[in-house]
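Here the structure comes first, spelled out in structure tokens, and everything after it is commentary.
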Amino acid sequence: MRLDKYLKVSRIIKRRTVAAGACDDGRAEINGRAAKAGTRVKEGDIIALHFGDKKFTVRVLSIKESVRKEDACSMYEVLDEN
């Protein structure tokens, strides 16, 4: 699954266009490497997002095409939130 779609489906970022913009602006990393919106995400990947002086790091637990709002947080595990 594409990174921008994963961020939207998991509800880490609410809209896909915002997620794509964040990725293309260089504010996203997968496993320590810069990632664009089209970068493929797989289970076990570590995603780091940078917003201003904050860094949000999660581990991908599952990938689903669609998920209910209540179950979205089960798709990832928060590792660090600075």
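A few comments on the model shown:
- Entry remark, segment 1-21: residues being polar (S, T, N, Q) and in a loop (DSSP other than H, G, I, E, B) number 1 in total.
- Restricting segment 22-31 to residues that are in a strand (DSSP E or B) and of a type in the set (A, V, I, L, M, F, W, C), the residue that is most open to solvent (accessible area, probe 1.4 Å): ILE30
- Just one of the listed residues (VAL58, VAL18, VAL41) is of a type outside the set (Gly, Ala, Ser), under 10 Å from the mean Cα position of the chain (by Cα) and farther than 20 Å from ASN82 by Cα, and it is VAL41.
- Residues that are over 13 Å from ILE12 (Cα atoms) and exposed (fewer than 13 other Cβ atoms within 10 Å of the Cβ), drawn from segment 58-69: SER62, GLU65, SER66, ARG68
- Here the strands (runs of 3 or more DSSP E) wholly within segment 32-82 that include at least 2 residues being touching a helix residue (DSSP H, G or I) at 6+ places or on another chain (Cβ under 8 Å) are 46-51.
The values are calculated or read from the model by the stated rules, or taken from the named source; none is laboratory data. Please read these numbers as outputs of a predicted model, since none were measured by experiment. Counting neighbours? That spans all protein chains shown, and the Cβs are built from the backbone with ideal geometry, glycine included. For accessibility, only protein heavy atoms count, side chains too; no ligands or nucleic acids. Shrake-Rupley method; radii C 1.70, N 1.55, O 1.52, S 1.80 Å.
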